[in-house]
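These notes concern the structure reproduced below.
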Amino acid sequence: MPVKPWLLLIVTAALTACGGLGSGSDPTPVPAPVANLIHELQTQPPANPPAYVASYQYQGEIVYYVPPRCCDIFSDLYDGSGKLICHPDGGLAGHGDGRCPDFLSQRRHETILWRTNQ
């Protein structure tokens, strides 16, 4: 089901106003697709380990990382438009899909954008 643009605007505004995205006095701007992803994660049952979304600098770009939620599940790495770049880790062998094998060692400047409250 397609997401309505007005809904993304409302979710982004609400999360930003409530301090749900970014941290500190200078909140990190979050693209609408990433805000939508965070909203989707908020509707899921609590995970163990707790779920989070983090931004990093990687290969000169800001990217968004969602860690694996359980055993044998891939992590996800998105660009600012919400396009899936790769699965850096997780999966059966724990090494992701092999499309960005250097992400975990090359990522810089972590900012936790959202984390479950557990």
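Any read-out appearing in this document is the output of simple, stated calculations on the displayed coordinates, not a laboratory observation. Because the structure is a prediction, the values reported are computed rather than measured. Ideal geometry is used to build each Cβ from the backbone, glycine not excepted, and the neighbour counts take in all protein chains shown.
List of remarks:
- A simple spin-label model places the labels of Gln44 and Ile73 0.4 nm from each other, with each point 7 Å out along Cα-to-Cβ.
- Convex hull (Cα only) mean projected area of region 55-118, reported in nm² to one decimal: 4.6 nm²
- Cβ-defined net charge surrounding Phe103, 14 Å radius [Lys, Arg +1; Asp, Glu -1]: -4
- Residues with amide H under 5 Å from that of Ile73, placed H, sequence gap 5 or more: Gly91
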